[in-house]
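K.L.:
Please find one structure pasted underneath; my questions will follow.
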Amino acid sequence: AGGIALGFSGGVDSTLLLAVLAEINQESPFALTALTMHSIFQTEEELSHIRKTAKEYQVELQIFTHDPLAIREVAQNQPDRCYHCKNKIFSTFRQYADQHGFATLLDGTHAGDLHVYRPGRKALAEWNVLSPLAELKMDKTVNIMASVDSEKLTEQIKAVCNKELCNEFKEWLSTQFT
């Protein structure tokens, strides 16, 4: 049993993972899907970008809808609001992944995220979400790419994927399934 579901926000980090996964999937096909949680905090343009990016990389996309303000801790702007929001998002993603046979759930947390207060990481651990960019100690590449304008982002991601990242990521993935 296998397959990978990626929590896909459409940002630089998850787009990098989507690109790498799509490339690996072309070489050795496996079940792959991108999962997006649409909320009131995203514009229609952002959602359109998410759809376009998934289509460009030929990855199936599932979009869920949630109102974060329906969560009391988020609405009250409590310090751990990110935990509660991520908990809702990734519990939904985990349920979908389990129901559809995706053994692995990934997100775009990178190494730089590990050095700042991010209460949502607790929810990732609780739902057994893996963060390959963090595991591979990647942050500089992601940060460099974040400074590239969005039209050139796909080109930059493809350039990175053609270098060492795909090989490192393939090795990391193989350790997750053995």
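K.L.:
Anything in the range 39-55 that is open to solvent by less than 40 Å² (accessible area, probe 1.4 Å) and assigned to a helix (DSSP H, G or I)? List them, or say none. If you could, list the steps in order and put the result at the bottom.
P.N.:
Keep residues of the range 39-55 that are open to solvent by less than 40 Å² (accessible area, probe 1.4 Å), which gives 39, 47, 50, 53-54.
Answer for the range 39-55, where residues must be open to solvent by less than 40 Å² (accessible area, probe 1.4 Å) and assigned to a helix (DSSP H, G or I): Leu47, Ile50, Thr53, Ala54.
K.L.:
Could you check, for the range 100-112, whether at least one of its residues is open to solvent by 60 Å² or more (accessible area, probe 1.4 Å) and more than 15 Å from the chain's Cα centre (by Cα)? Write out each step before concluding.
P.N.:
Looking only at the range 100-112, we keep the residues that are open to solvent by 60 Å² or more (accessible area, probe 1.4 Å), and these are 100.
Cutting the leftovers down to more than 15 Å from the chain's Cα centre (by Cα) gives us 100.
The answer is yes; a qualifying residue exists.
K.L.:
Being among the aromatic types (Phe, Trp, Tyr) and over 21 Å from Leu124 (Cβ atoms) is the filter here; which residues of the range 57-94 pass it?
P.N.:
Going residue by residue through the range 57-94, those that are among the aromatic types (Phe, Trp, Tyr) are 57, 64, 83, 90, 93.
Selection gives Tyr57 alone.
K.L.:
How many residues are out of contact with any Ser or Thr (no Cβ under 9 Å at 6 or more places or on another chain) and not in a helix (DSSP H, G or I) when one looks only at the range 56-98?
P.N.:
The number of residues fulfilling the criteria is 7.
K.L.:
Here's another thing I want to ask about it. Only one residue in Thr65, Thr92 is open to solvent by less than 60 Å² (accessible area, probe 1.4 Å) and polar (S, T, N, Q). Which one? Let's see the steps before the verdict.
P.N.:
Values: Thr65 fails: open to solvent by less than 60 Å² (accessible area, probe 1.4 Å).
Exactly one of Thr65, Thr92 is open to solvent by less than 60 Å² (accessible area, probe 1.4 Å) and polar (S, T, N, Q), namely Thr92.
K.L.:
Still on this structure, please answer the following. Considering only residues that are open to solvent by less than 10 Å² (accessible area, probe 1.4 Å), of a type outside the set (A, V, I, L, M, F, W, C) and at pLDDT 90 or above, which ones fall in the range 15-38?
P.N.:
Thr33, Thr36 - these are the residues of the range 15-38 that are open to solvent by less than 10 Å² (accessible area, probe 1.4 Å), of a type outside the set (A, V, I, L, M, F, W, C) and at pLDDT 90 or above.
K.L.:
Looking at Thr36 and the list (1) within 21 Å of Gly2 (Cβ to Cβ); (2) not in a helix (DSSP H, G or I), which single condition is not satisfied?
P.N.:
Status for Thr36: all satisfied but (1).
The values are calculated or read from the model by the stated rules, or taken from the named source; none is laboratory data. Computed from a prediction, not measured in an experiment: that's the story for all the values here. Ideal geometry is used to build each Cβ from the backbone, glycine not excepted, and the neighbour counts take in all protein chains shown. Accessible surface is based on the protein model in full, side chains and every heavy atom, while ligands, DNA and RNA are left aside. Shrake-Rupley method; radii C 1.70, N 1.55, O 1.52, S 1.80 Å.
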